Amino acid sequence: MKIHVVNRGDSLWRISQQYGVSTNRIVRIKGLENPYKLVIGLALLIPEPYLQYRVQQGDTLEKIANQFGTTVQEIMQTNRITNPSTIYPGQRLTIPVIYYTVRERDTLYDIARRYGTTVQAIIKTNRITDPSSIYPRQIVKIPPETETHH
């Protein structure tokens, strides 16, 4: 991850464009209370794009999103694609997937809150059979944004 310190005139959108990362991913990682009001000097963690994928014959963005456990919208935003029908074989796409290394005393609830998802979504994505059996240094795939209503 990179760190971006908020400067005068920065907006979440401008920062997301600078790093090629969706605003939703920045908000999820930082857990911003109000993403529209950034404070000068605030340190934002900027997630790295984790995977590169070469489009194969017959691929669609939906198929690729399902394969990597992300959304069509996230792939489009990360790769600045305006028309989902314009991908082509051989094209390289950055797949916005986040992995988390479990720390001592972490719970699935803690991890879900940190990344703006649900315990059930993490269990399903990682095929966890016993939610109380996560352990330090275990790598957990964070599912794409979950619809939550506050």
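The values are calculated or read from the model by the stated rules, or taken from the named source; none is laboratory data. Everything numeric here is computed off the predicted structure, so don't read it as measured data. Neighbour counts run over all protein chains shown; Cβ positions are idealised from the backbone, glycine included. For the accessible areas, the whole protein counts, side chains as well, though only heavy atoms, and no ligand, DNA or RNA atoms are used. Shrake-Rupley method; radii C 1.70, N 1.55, O 1.52, S 1.80 Å.
Odds and ends about this structure:
- Filter result (over 12 Å from the mean Cα position of the chain (by Cα), within 27 Å of Ser133 (Cα to Cα) and open to solvent by 30 Å² or more (accessible area, probe 1.4 Å)) within segment 65-105: Asn66, Gln67, Thr101, Arg103, Glu104, Arg105
- Selection status of Leu51, within 22 Å of Ile3 (Cα to Cα) and open to solvent by less than 70 Å² (accessible area, probe 1.4 Å): yes
- Subset tally (residues that are hydroxyl-bearing (Ser, Thr, Tyr) and at pLDDT 85 or above) for segment 53-80: 2
- Filter result for the condition that a residue is open to solvent by less than 50 Å² (accessible area, probe 1.4 Å) and either among the hydrophobic types (A, V, I, L, M, F, W, C) or at pLDDT below 90 (or both), over Val27, Val39: Val27
- Note on segment 59-111: residues that are among the hydroxyl-bearing types (Ser, Thr, Tyr) and not in a loop (DSSP other than H, G, I, E, B) amount to 8.
- If you go through segment 54-64 and keep only what is surrounded by fewer than 17 Cβ atoms within 10 Å (Cβ to Cβ) and under 19 Å from the mean Cα position of the chain (by Cα), you end up with Glu62, Lys63.
- Just one of the numbered conditions (1) under 17 Å from Ser22 (Cα atoms); (2) in contact with a Gly (Cβ under 9 Å, 6 or more places away or on another chain); (3) open to solvent by less than 100 Å² (accessible area, probe 1.4 Å) is not true of Thr125: (1).
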